[in-house]
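Report on one structure; see the data block that follows.
The values are calculated or read from the model by the stated rules, or taken from the named source; none is laboratory data. None of the values given here were measured: they were computed from a predicted structure. No Cβ is skipped: glycine too gets one built from the backbone with ideal geometry, and neighbour counts run over all protein chains shown.
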Amino acid sequence: MNKFDVISTRAHRIDTPDKATGQAMFTDDLCRPGQLYGVLLQSPHPHARILSIDTSKAVNLPGVKSVITHEQAGYIKYGVSPARYDETVFAIDKVRYVGDEIAAVAAVSLDIALKALSLIKVKYELLPAVFTVEDATKKGAPQLHENSPGNLCAEVHQEFGDVAAALKTCDIIKTSTMKNKRQDGAFIEMQGCLAEFDNRGLLTLVSSTQVPHYVQRTVAMVLGMDVGKVRVKKPYVGAGFGIKAAACPMELACCILARETKKPVKMNFTREQVFMYSRARHQFTHTITTGAKKDGTLMAIKHECCLDGGAYTSFGIATVYYTGSLLGGPYKIANMSYDGKRVYNNKPACGAQRGHGAVIARALFEQQMDMIAEEIGMDPMELRIKNMMDTGDTTCNDLNMSSFGMSECIEAVRIGSNWDKKKGNMPRGKGIGMACGFFVSGAGYPIYRSDTYHGTVIIKLTEDGGTALVYTASAEIGQGSDTAFAMIAAEALGIPLDNVRLASGDTDMGVDLGAYSSRQTLMTGHAVKQAADHAKTQVLEVLAEQLLVPLEKLDIKKGFIEFAGDTPDFSALRTRYIKEHRGWIDNPDSKKLTFKEASRIAFLEKGSIVGTGKYKPHNLGGKFKGAAVGTSPAYGCSAQVAEVTVDMETGQVTIDNITDAHDCGKAINLTAVEGQMEGSVSMGIGEAMHEEVIFNDKGQVLNNDLAEYKIVTSVDMPRVKTIVVESCEPNGPYGAKEVGEGAIMPTIPAILNAVYNATGVRINELPLTPERVFFAIQDYKAKMAK
Amino acid sequence: MLLPTFEFHEPLSIKDALKLKKSLGEDAKLLAGGTDLLVHLKKKLITTNNLISLSGIKALSLITKEKNAVIIGSCTTMTQLSSTPIIQKNFPALKAGCDNLGTHLIRNRATIGGNACNASPAGDTLPALLIYDALALLETSDKKREIPMADFFTGPGKSCIQPDEILTGFRLPIPGKNSGAHYIQLGKRKSSEINLVNVAAFLKYDPDTKKIIDARIALGSVAATPIRSPKAESTLMGQTPEEACFFAAGEMARREDCHPIDDFRGSARYRQAMVGVLTKRTLTRAYELARSACI
Ligand SMILES: Cc1cc2nc3c(=O)[nH]c(=O)nc-3n(C[C@H](O)[C@H](O)[C@H](O)COP(=O)(O)OP(=O)(O)OC[C@H]3O[C@@H](n4cnc5c(N)ncnc54)[C@H](O)[C@@H]3O)c2cc1C
């Protein structure tokens, strides 16, 4: 095993001082001279034809600088996946959900802008609306989109192997269904943006986004500009969880207002608008049939799923594919079929959220694993290990597990939770359960079809020789990617972390697809390492020449030059360096030649030393339709054990402990890995226990704030024991792969299995509110009494 | 969402506040901690041109002991109440209510007067005020009156306070020996909840006969206002305090004394079922406290 100097430690995050002192700048902290305030007019109706829009009164209100509708914004359709562009910046002929954007105003103050909004008169012809999958797919249901009959947004049918034949050979067949509820990302920072044109026509959009690159392309396309004339930057971002992984209509409206007014324009979502815009996890309804032999060998999965999509596609086409493809592992299953569909209705669109598409399928399937284990009298961990894929295996749908510490994770949580002692020995009302899961480490392909690199990085050594500047367009959104990349750069260059400065989140710095699909550590990390190696080689080449030492004998470690074998006489180089620093009192006198001296000498010989790096995945498997969704250069995996106490009289569930083991390949920063694991657990608990966006019968969100939309509080959060497993991923930089999303996969089923263990009741609908659990227990008791 | 604009008044005495209230008329709203009022203003549920802040009036945030009672100023905050020894010692059910309300930040601002005047059926301190037989102290510029909390609430968000009146505080008789009280609330998560059901109970027993001689139960979130549970209370009188009678009282409260409705937070059916469980549990705990107090 290599010994590392920087990575694999608990280095402090490089943004900690800024964040701890409150100096970190988020989009809403930024102000520009002469800045205007923009606001959106959004539909109060879930479904209506727009007959007319009269903006005249608003335009004439003193202080109003611009009022825009589709007339200014145009007719260009955009969305997430080019094949599925179904949105325009502003509604043209009709609105499809409460919140659909109709117009925007820019004014000298927020007050005036809001006043102007109330002066815009829109005439609507109300249309019947549908809010559920059932209603939207009924015969004669109101149709949302002209070219999507039956409100069918997308459908997928896949079969690998022969499911029907395999099921015939099974001794045990389990069929069950499960439903979750629409989620909200509930990130702390609501979306905000600030757009400005300079005098040469360059548009700079500062935005709270996960994906500057995709926003840049969408803005350019919708505004009809060259991509090179659009610069997107993100300052510090207060998380996104997938919801900020695409251009949003406010960003586009903001740019158009800036164009119309020739002034900087700032816009923000209120918390209510965050809920209205939505784009978080779908409501899924799954039915899964799993077949196994009586020795526990898994034979087949038959999977059906329906996604409650909302008014537009957003990420939906990718979601519906992910939902199917990510059941292919982590167990050996030769036969798997999937029939998925996504249905439009008059609610806000759903999109991607941590564990994209796969969380609820996993939640149901891992319960079936427990049902099978119970029926054949096998320990649930043993059943899982028995069926577990091995490193190097490929699933029936072509996902290759190039590294795979899944069994190690199970072993770790078995010991970490004291499973063997607890399982089967808990009093009634207390339960223990476990589950596994895995997730991609970066989508194999960009969202638009392209051979583009997924990430490029530039590292420049400062001309004085002391510092490495890392430039990446990747997105630090709170997860710690800046720190991880600074650490990788320091490790690869052989210098202390203190000597690395990093700038990120700016499309001027290169291409980076951004923070989604748990891609950055592996993909951007690769590019960082390559750029650092490139810069380092250039320095060492100069040294080799100057000192007449073969290049292979040179290395840099901890900021010093290392020579394999004898150290040559480098005094001439040192003298040359010191001569330049006459009068300085801190000139180098170390026994070893410093990196600073070496890189200064390299500059003197060659000019600025710039290293470049790039990454795109190797050719990934899968020739079938939809194979691009789910393939990834690597997969992270995890196992969790949940322990719960159920109040049998009230139905209240308390989660006492979570033991979580995750294989992240190699922990670049251990503390950050644990942070992601705990964050995933907390989000999983929220979804399992209380989170649910609730609508009234007019399509309005009833709980559009964080008082009524119930994320986990610190009091609800159990103790989480995190165990990091390192399998050394061959496709990852230093062996690293994902942790950001995979860690949420086992949380919900582990809790459900524990609740079953405590109560004897399987609950097939989330969230596990006290009420739902209470009535499930009552029904079960009534059934048992019969 | 922005706060609408308004005139802000900050009187330093109750007298000045009452004068202002009289001269500005019904439109003027009293501002205590603002944790309800500012939310309502922002959401445009109410409008006003004048806010009269009560924060500058020191007399309103005092907790004082009289001979057999404690006077709690209307502007005392949850944090203040919860950390005051006379409250901790004599009114544990009130302290529990204060500790359950909102979050740390909210508890630092939220006042007990505001909680009462907001008159939410789910208000966290209100069942305790009911079981401790609190009196609301109301004042206009020319008269004072005291109203039992049982008569204070007139509907969801409504109380008997008149437009020119200010609630200056509450008088809570100090419970005698051999008594105990407790409060339990139930929500979806463990903190920052809007209660699904909340129940407070007070018990007093005769140490010689070991029989219950006083019982008061208050139910929250299961009617238009926080309510007493008279039928359940009467089942307890003269009984030996033990599980069977607490269970029976819970059943009575569930069947006869509550009238919950369905809303998006929970169903009437569940709320009703929980009235039984929580009543039994609060009584059990109240009795334990009564007993341990006299040991
Ligand atoms: C995030 C959040 C969480 C919350 N959680 C809870 C909870 O768990 N449980 C709970 O019960 N409540 C909760 N609340 C509601 C609120 O905090 C409480 O009702 C609080 O006690 C109100 O007190 P206040 O001082 O802030 O009242 P204010 O908002 O200042 O006033 C409330 C009303 O009372 C009137 N008023 C205030 N003082 C007087 C007076 N002396 N005389 C006459 N009228 C007066 C005001 O005019 C106004 O109509 C929560 C609120 C928020 C924002």
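Things to note:
- Count of residues meeting criterion [farther than 17 Å from B:Leu283 by Cα and within 14 Å of chain A (Cβ to nearest Cβ)] in region B:158-198: 10
- Within the span defined as region B:138-146, every residue fails to be within 14 Å of the ligand (Cβ to nearest atom), touching a Pro at 6+ places or on another chain (Cβ under 9 Å) and at pLDDT 95 or above.
- Residues that are under 19 Å from B:Val199 (Cβ atoms) and assigned to a helix (DSSP H, G or I), drawn from region B:95-109: B:Lys95, B:Ala96, B:Gly97, B:Cys98, B:Asp99, B:Asn100
- Single unsatisfied condition, A:Ile585 versus (1) within 25 Å of A:Ala492 (Cα to Cα); (2) aliphatic (A, V, I, L, M); (3) out of contact with any Ser or Thr (no Cβ under 8 Å at 6 or more places or on another chain): (1)
- Flag if B:Ile147 is surrounded by fewer than 19 Cβ atoms within 10 Å (Cβ to Cβ) and in contact with a strand residue (DSSP E or B) (Cβ under 6 Å, 6 or more places away or on another chain): yes
- Within region A:726-781, if we keep just the residues that are acidic (Asp, Glu) and part of a loop (DSSP other than H, G, I, E, B), the residue that is nearest to the chain's Cα centre (by Cα) turns out to be A:Glu741.
- Subset of region B:38-61 (residues that are assigned to a helix (DSSP H, G or I) and more than 10 Å from the ligand (Cβ to nearest atom)): B:Lys42, B:Lys58, B:Ala59, B:Ser61
- Number of residues in region B:89-103 that are more than 8 Å from the ligand (Cβ to nearest atom) and within 18 Å of B:Leu38 (Cβ to Cβ): the value is 0.
- Residue identified as modelled with pLDDT of 95 or more, outside any helix (DSSP H, G or I), outside the structural domain of B:Ala286 (by TED's automatic domain parsing) and within 11 Å of the ligand (Cβ to nearest atom) among B:Thr64, B:Thr35: B:Thr35
- Residues that are part of a strand (DSSP E or B) and either touching a helix residue (DSSP H, G or I) at 6+ places or on another chain (Cβ under 8 Å) or away from chain A (no Cβ under 14 Å) (or both), drawn from region B:215-273: B:Ala215, B:Arg216, B:Ile217, B:Ala218, B:Leu219, B:Gly220, B:Ile227, B:Arg228, B:Gly266
- When A:Ile711 is tested against (1) more than 9 Å from every other protein chain (Cβ to nearest Cβ); (2) in a loop (DSSP other than H, G, I, E, B), exactly one condition is not met: (1).
- Answer residue from region B:104-117, given it is within 14 Å of another protein chain (Cβ to nearest Cβ) and surrounded by 19 or more Cβ atoms within 10 Å (Cβ to Cβ) and is farthest from the ligand (Cβ to nearest atom) among those: B:Arg107
- Residue selection: A:Met677 fails the criterion of being in a loop (DSSP other than H, G, I, E, B) and more than 16 Å from the ligand (Cβ to nearest atom).
- Taken as a whole, the structure places B:Met274 among residues that are in contact (Cβ under 8 Å) with a residue 40 or more places away in the chain, over 20 Å from B:Pro92 (Cβ atoms) and either assigned by TED's automatic domain parsing to the domain that holds B:Asn198 or surrounded by 16 or more Cβ atoms within 10 Å (Cβ to Cβ) (or both).
- In region B:181-215, the residues that are buried (at least 23 other Cβ atoms within 10 Å of the Cβ) and away from the ligand (no atom under 15 Å from the Cβ): B:Ala181, B:His182, B:Ala201, B:Phe202, B:Leu203, B:Tyr205, B:Ile212, B:Ala215
- The set of residues from region A:542-578 being in contact (Cβ under 8 Å) with a residue 40 or more places away in the chain and of a type in the set (Lys, Arg) comprises A:Lys557, A:Lys558.
- Residues of region B:122-137 that turn out to be within 22 Å of B:Thr279 (Cβ to Cβ), more than 14 Å from chain A (Cβ to nearest Cβ) and within 14 Å of the ligand (Cβ to nearest atom), as a count: 7
- Among residues of region B:1-16, those that are of a type in the set (A, V, I, L, M, F, W, C) and in contact with a Gly (Cβ under 9 Å, 6 or more places away or on another chain), counted: 1
- Among residues of region B:1-25 that are away from every other protein chain (no Cβ under 14 Å), those with a Cβ under 7 angstrom from a residue that is surrounded by fewer than 13 Cβ atoms within 10 Å (Cβ to Cβ) and not in a strand (DSSP E or B), sequence gap 6+ or separate chain, pair up as B:Glu7/B:Asn49.
- Of all residue pairs spaced 6 or more apart or on separate chains, those with beta-carbon atoms under 7 Å, a first member in region B:37-58 that is away from chain A (no Cβ under 14 Å) and a second member that is of a type in the set (Ser, Thr, Tyr) and more than 9 Å from the ligand (Cβ to nearest atom) are B:Ile57/B:Ser13.
- Hits in region A:725-775 (condition: under 17 Å from A:Met677 (Cα atoms) and among the small types (Gly, Ala, Ser)): A:Ser727, A:Ala736, A:Gly740, A:Gly742, A:Ala743, A:Ala750
- Strands (runs of 3 or more DSSP E) wholly inside region B:111-213 that include at least 1 residues being within 24 Å of B:Glu66 (Cα to Cα) and touching a Phe, Trp or Tyr at 6+ places or on another chain (Cβ under 6 Å): B:135-139, B:166-173, B:179-186, B:197-205
- Within region B:20-32, tally of residues that are under 23 Å from the mean Cα position of the chain (by Cα) and either of a type outside the set (D, E, K, R) or assigned by TED's automatic domain parsing to the domain that holds B:Ile147 (or both): 3
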